[in-house]
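The values are calculated or read from the model by the stated rules, or taken from the named source; none is laboratory data. Bear in mind that the values here come from a model prediction, so they are computed numbers and not experimental data. So basically every Cβ, Gly included, is an ideal-geometry build from the backbone, and we count neighbours across all protein chains shown. Just the protein is used for accessible areas: all its heavy atoms, side chains included, with ligands, DNA and RNA removed. Shrake-Rupley method; radii C 1.70, N 1.55, O 1.52, S 1.80 Å.
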Amino acid sequence: MAVLGVRVRLGADATVDDVRALKTWLEREEQLAELLAGEQLRIEVQTGADGTEGRLGPDLELVLRLLGDVVTVLALTEYTARAVKTWTNNRRRLQGGHPDPQIRPLDPDGE
């Protein structure tokens, strides 16, 4: 069975605190919070699967897994992209730097 969801990876300048802060932010975003409350979504922090060469920051990423068929991957990607953009703008304004997030759907095997 295919695993549906979205992977969010911050750039090499991101810290462990950035990953935690983004996870908290995503958990509080309205559409994502509703999916979490309805047990239709799980947000996990995972070690990066690709071992990006030259990475200075933590090799961590967020994986948002759909647990039901209430929303499509496309809708989840849109919700996530909007929330990540807002978080990135706030972080840049308050702390400087540029975490350079990447958002992409999970492969069918969940990787």
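Structural remarks
- Helical contribution to [θ] at 222 nm, DSSP H n ≥ 4, -39,500 (n - 2.57), averaged over the chain, rounded to 500: -13000 deg cm²/dmol
- Spin-label model distance (nm) - Arg28 vs Thr72, 7 Å beyond Cα toward Cβ: 3.1 nm
- Of the options (1) 26, 18, 13; (2) 23, 17, 10; (3) 30, 17, 10, only one is semi-axes √(5λ) of the Cα gyration tensor in Å as computed from these coordinates, and that is (2).
- For the chain, the solvent-accessible area works out to 59 Å² per residue, with a probe of 1.4 Å and every protein chain left in place.
- Carbon plus sulfur fraction of accessible area for the chain, probe 1.4 Å, in percent: 51 percent
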